[in-house]
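Student: Quick one: the structure is below, questions incoming.
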Amino acid sequence: MKTKLRLMGFGGAGAVKPLNEDAAAELGAELLGEAIVFGVGGLCIYLEYARQGGQARRKEEEQNRVLLELNLKLEELKEEMEILAA
């Protein structure tokens, strides 16, 4: 109960009378369930962030590859122009 009050923002909760066993088990199960839901949600957010980062990295690598190919083609065309001009 003290933990629940601290989580809700009631810092220095004074004396709290002990809960009976059933209420304590129910409160513990509720806190555990909320922790699991929060953990799964955080994991989903992390995995989506990692997936988006991977996609952005692959897209950038593809753009760099295409740019390199275009530069090589441009050099080839410049050499052909020099040959034709001579």
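Student: Could you look at the chain and say what percent of its accessible area is carbon and sulfur, using a 1.4 Å probe and all protein chains? Please report the intermediate quantities before stating the final value.
Tutor: On the way: 4960 of 7860 Å².
Carbon and sulfur: 63 percent of the exposed surface of the chain.
Student: Cα to Cα, under 16 Å, and not fewer than 8 places away if on the same chain: which lysines meet these conditions relative to LYS59?
Tutor: Counting by Cα, and skipping residues close in sequence, LYS59 has no lysines nearby.
Student: What is the distance in Å between the Cα centroid of region 67-86 and that of region 41-56?
Tutor: For region 67-86 versus region 41-56, the Cα centre distance is 42 Å.
Student: Something else: Any idea of the accessible area per residue across region 11-82, 1.4 Å probe, to the nearest Å²?
Tutor: Details: 6450 Å² over 72 residues.
Value returned for region 11-82: 90 Å² of accessible area per residue.
Student: If you average 1/r across every pair of different Cα atoms in region 21-85 and take the reciprocal, what Kirkwood value do you get, in Å?
Tutor: 16.9 Å
Student: Express in nm, to one decimal, how much length is gained between LYS59 and PHE10 on full extension, taking 0.36 nm for each residue of separation and deducting their alpha carbon distance. Spell out each step's value before the answer.
Tutor: Values: separation 49, 0.36 × 49 = 17.64 nm, distance 4.92 nm.
That works out to 12.7 nm of additional length.
Student: Among GLU75, GLU48, GLU30, whose mean-square fluctuation peaks in a Gaussian network model of the chain (Cα, cutoff 10 Å)?
Tutor: Comparing GLU75, GLU48, GLU30 in a Gaussian network model of the chain, the most mobile one is GLU75.
The values are calculated or read from the model by the stated rules, or taken from the named source; none is laboratory data. In this text the structure is predicted, and so the values were computed from the model without any measurement. Quick note on the areas: whole protein, heavy atoms, side chains included, nothing else; ligands and nucleic acids left out. Shrake-Rupley method; radii C 1.70, N 1.55, O 1.52, S 1.80 Å.
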